[in-house]
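Following: one structure in structure tokens, then a few remarks.
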Amino acid sequence: MRFLLRFYVAIVFVFIFAPIVVSFVFSFSENRFPTLPLTAFSTIWYEKVLAEPVFLESFRRSLIVASVTSVLSTFIGFGAAYMDYRYRFFGQKFYVAIGMIPPMIPVLILGVAMLIFLSQVGLSGGLHSVIIAHVVLCTPFAMALVRLKLSQMPDNLEAAAWNLGANEWRSMRMVVVPFCWPAILAAIFITAAISLDEFAIAWFVSGLEETLPVRVLNLVARQSSPSVNAIGSFTFTLSLTLVVLAQVVLVANQRRGEKKA
Amino acid sequence: MTADASATDDENAALLRFTNVQKKFGDSFAVRDFNLEIGRGDFVAIMGPSGCGKTTTLRMLAGLEHPTAGEIRRNGEMINGLSPWLRRMPLVWQNYALFPFLTVLENVEFGLRNDKVSKIDRRRRASEWLDRLGIGDLGHRSPTTLSGGQAQRVALARALVLEPEVLLLDEPLSALDANMVVRMQTEIAQLQKALGITFVYVTHNQSEAFAMANRVVIMNQGKIEQVGEPLEVYRLPKTRFVAEFVGTNNIIDGTIVSHSPSGVVVETKLGQFVSTNPIDGTLGEASRVHIIASADLVSVSQDRPKDSKNVVTARLIGESFAGTIVILVFEAAGGQELKVQLQQRALQDLSLDPNQEFHLVFEPMDTLVIPSV
Amino acid sequence: MAKTKLDRAGGGALETGRASGSASRRAFIGVFGGPLVFWQGLFFVAPLIFMFVMTFWAVRNYQLSADFTLANWQAILAADYAWDAYLRSALGAGLAAGIATVVAFPCAYYLGLKTTPRVRILGACLIMAPFFTSFLVRTYTWRTMLGDEGVLNAMLGWLGLGPFQMINNLFGSVVGYLTLVMPLVLLLQLFSISGIDRRLIEAAHNLGCNPFQTVFRVIIPGARNGIVLAATFAFVLSFGDLISPQVLGGSNPPTLSILIVDQVRGGLQWPRASVIAVMMVVTLGVLVSLAMAFVYGGSTKRAKRA
């Protein structure tokens, strides 16, 4: 019984990981089409990607978008989470809702709405459009992460800071931000990872300034190209690095606390 | 309720003065009709059951709540709406509220940083306070690794390093174990004497309050029930609530029959009682009153005393041992419960059988009469 | 305890600073609370509202012009191909939500209750890994694997089976949807199952339930909210997904998402794309409200009964 269950779990995980692993493996295969048996090990597809300035250019754009997006959405998300934590005010549910709802709307629809709106106000067709849209999409994740951390903040910690002479600005800087710091870092990395991977909205609003995933989308839509595997493996590694970095920071933070013991 | 009589009318004499202070949360009063003066160097304990408004009162002093009516003045200056960071009345919190991301030393320096004290100077002052409280070796630890007693000392150091006029303490010992409580009580009391500053100490624990404070404020349902020196409040409760809350008192309902030079005579369902304690002059004949007698001032005997007044016959229904002290519970006529508190040693002279009848003697001078409200 | 909460929430904190100048306090709230209202109001709420307005606009000579016409609505609502696409999208999304829910449950059950905490955390981390890989690349890889010449058909061929057509049809789309939603469904189910009070399960065993009965009487009811929420999310994501039907489904006949892209790409038919988008938003809005009503309504009813 237990064995059957384990076997079943293994199959489900195979389904989840098959495309990731296969893509990774075939990115090092010489053959143009992924078939069995595997042909010789080769880094030809990586070389091809690196040799094409289009890819590097789109990657550069993605990096710009991701870094600006992560900082902006983490700041907005932090502020919003703090408002929700600290105050009780009229319309609070609505406030939280506009903060949290965007990821529940299909990105396709967000993309269309953004395209229509941004082109109407003359903001479409550039990296700034992608940043605008990605901040909308990423803020909720930052907000949720920080809100979770704030709910663990001991009662009175902020009041203790005021009581010792720190006004609201100072206690924000000296108490709230340090307390939430791990969550803030995690939010920066995770929003960056989301932005790096987002293609639907970017496809609608980026115009000629293709980001990397948009470039991949256009490739995939047209023909088979093993370059996709190479790019995929590369971005996967990058995203995973960001997430692992977030984890390392968190753990290091904890360690530091423990070492003081 | 008026402010206590020992304070003078000179406004400058009172460091802190509450005048008709009221605090409402929604429709319910957390604090009402609150009048109190606190002088320089006082150790005031505000005591009452949970929800009585004592913590709200303290938070109003710290500026974390603002009165909905009335005035709070410090040195004559109104501070009702003053922001907490401008008050310099540090608070020692029940859960310590130490900053977990700072070291112990950095915690103590926190207030000095807000004062823009130079780094060297604040480090020196913080270290001095840690040394003074016997935790000089903990400076580089994280507060999350401290024991309750250590954390409480850090909290004290963090507050006192600011050299405040007033220190606020909110149930600071409630999270400590019993041995530690007694030690910290002594230390806090000595500290207050040595520093000569005002301590306002909120607690629900009467032994803490009586052990340290020189004035005790008893609160109930947002109002002050009684203010006075610890012994005075303990021996002469002015209201039924105080009699129930402080110490172990017997409370018997009755009606005044007569005033005479030898005392007041009160008729109760247990017979007539005579009290020689001075009473509220407004209580005339036929006033509804309570007889109050502290359990440790009632004596028990198996034989009926010959010429004694205020003797009640009651049946022993239970006993509870608490260390060297024993509380005997009796039932008298009409189901009236009476308690007697004795030293363990005194018991050896009595043979205690359940349901046995005893004679309880209430000395007229130890019997109080208070109005029934 | 409740009192402390009241203090903080009920205005204690709100009142601080009244005397120190409410200008500073307003600035404080503005700096930290304002950006969300500004950004999401301007770039989230406004675009959605504007998209709705756009459904009444007209396109003349390849130029958008502000108008109030119902023509776009009439055109879409009267078109059979639009309703076909609607049903196809709903069918694909429904299949994906249903299959993902059923397939994920035993996994979540195993990881949540039948294994050591170490394995559970490892499992949860593994489930999260796909979130950080490109969904595009994963669907692309499925296409190469499921194609007529692909790895899967090659393996089946060794067994003397096939070849089967596994892409450019509904099967392909659903594989894509599952790739998209499976990790999320699994994770949400895992969270809700881990949240079940273990004493309830022990009590059930103690009262003589066998493992199967325990699953149906304790675990599924206990994790009901998480399961419903996960299925709803799965439907929402699949319903709006563009990539699976395009890369794996062959994009013909189209789903709603493909229709939208066609309308946008093929000559500025933004008003019609908006009509379809609004139809999708309304559909999903109704569905999510129903799910929420089920989740929260159900729990209050239970609480009342208790």
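The values are calculated or read from the model by the stated rules, or taken from the named source; none is laboratory data. None of the values given here were measured: they were computed from a predicted structure. Note that we place each Cβ from the backbone using ideal geometry, even for glycine, and neighbour counts take in every protein chain shown.
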Taking the range C:42-54 on its own, how many of its residues are closer than 15 Å to A:Leu72 by Cβ and either facing chain A (nearest Cβ under 7 Å) or crowded, with 19+ Cβ neighbours inside 10 Å (or both)?
-> 2
Exception for B:Glu163 within (1) part of a loop (DSSP other than H, G, I, E, B); (2) under 15 Å from the mean Cα position of the chain (by Cα) falls at (2)
Output the number of residues of the range A:112-132 satisfying the condition of being in contact with a helix residue (DSSP H, G or I) (Cβ under 8 Å, 6 or more places away or on another chain), more than 9 Å from chain C (Cβ to nearest Cβ), part of a helix (DSSP H, G or I) and farther than 25 Å from A:Ala183 by Cβ.
-> 3
Does any residue of the range C:231-247 turn out to be more than 11 Å from chain A (Cβ to nearest Cβ) and of a type in the set (D, E, K, R)?
-> no
Does the range B:214-226 contain any residue that is in the same structural domain as B:Leu16 (by TED's automatic domain parsing), surrounded by fewer than 18 Cβ atoms within 10 Å (Cβ to Cβ) and part of a helix (DSSP H, G or I)?
-> no
Which of (1) more than 30 Å from B:Arg113 (Cα to Cα); (2) surrounded by 24 or more Cβ atoms within 10 Å (Cβ to Cβ); (3) of a type in the set (Val, Ile, Thr) does A:Ile101 not meet, given it meets every other one?
-> (2)
Quickly run through the range B:343-356 and pick out the residues that are in contact with a Ser or Thr (Cβ under 9 Å, 6 or more places away or on another chain) and surrounded by 15 or more Cβ atoms within 10 Å (Cβ to Cβ).
-> B:Leu350
Identify, from the list B:Leu98, B:Leu191, B:Leu102, B:Leu168, the residue that is closer than 30 Å to B:Gly39 by Cβ and not in a helix (DSSP H, G or I).
-> B:Leu168
Among the residues of the range B:243-294, which ones are of a type in the set (Asp, Glu) and closer than 20 Å to B:Ala314 by Cα?
-> B:Asp253, B:Glu267
Would you tally the residues in the range B:252-269 being touching a helix residue (DSSP H, G or I) at 6+ places or on another chain (Cβ under 6 Å) and within 23 Å of B:Glu331 (Cβ to Cβ)?
-> 1
State the number of residues belonging to the range B:21-77 that are assigned to a strand (DSSP E or B), more than 12 Å from every other protein chain (Cβ to nearest Cβ), crowded, with 17+ Cβ neighbours inside 10 Å and of a type in the set (D, E, K, R).
-> 4
Some residue of the range A:173-196 being under 16 Å from the mean Cα position of the chain (by Cα), at pLDDT below 90 and not in a helix (DSSP H, G or I) | no
If the Cβ limit is 8 Å and pairs must be 6+ apart or interchain, which residue in the range C:47-62 that is on the phi > 0 side of the Ramachandran plot pairs with which residue that is of a type outside the set (Val, Ile, Thr) and surrounded by fewer than 17 Cβ atoms within 10 Å (Cβ to Cβ)?
-> C:Tyr62/C:Gly267; C:Tyr62/C:Leu268
Does A:Val22 meet the test of being buried (at least 18 other Cβ atoms within 10 Å of the Cβ), free of Cβ contacts under 8 Å to residues at least 40 places away in the same chain and either outside any helix (DSSP H, G or I) or more than 9 Å from every other protein chain (Cβ to nearest Cβ) (or both)?
-> no
Kindly check whether there is at least one residue in the range B:112-126 that is touching a residue at least 12 places away in the same chain (Cβ under 8 Å), assigned by TED's automatic domain parsing to the domain that holds B:Gln192 and in a loop (DSSP other than H, G, I, E, B).
-> yes
When the range A:81-104 is examined, which residues are found to be under 26 Å from A:Thr211 (Cβ atoms) and either in contact with a Ser or Thr (Cβ under 8 Å, 6 or more places away or on another chain) or within 7 Å of chain C (Cβ to nearest Cβ) (or both)?
-> A:Ile98, A:Gly99, A:Pro102, A:Met104
Can you tell me which residues in the range B:159-180 are among the charged types (D, E, K, R) and closer than 25 Å to B:Trp85 by Cα?
-> B:Glu163, B:Glu165, B:Asp170, B:Glu171
Can you tell me which residue in the range B:80-95 is farthest from the other protein chains (Cβ to nearest Cβ), limited to those that are out of contact with any Asp or Glu (no Cβ under 9 Å at 6 or more places or on another chain) and not in a loop (DSSP other than H, G, I, E, B)?
-> B:Leu86
B:Ala126 being within 14 Å of chain A (Cβ to nearest Cβ) and within 27 Å of the chain's Cα centre (by Cα) = no
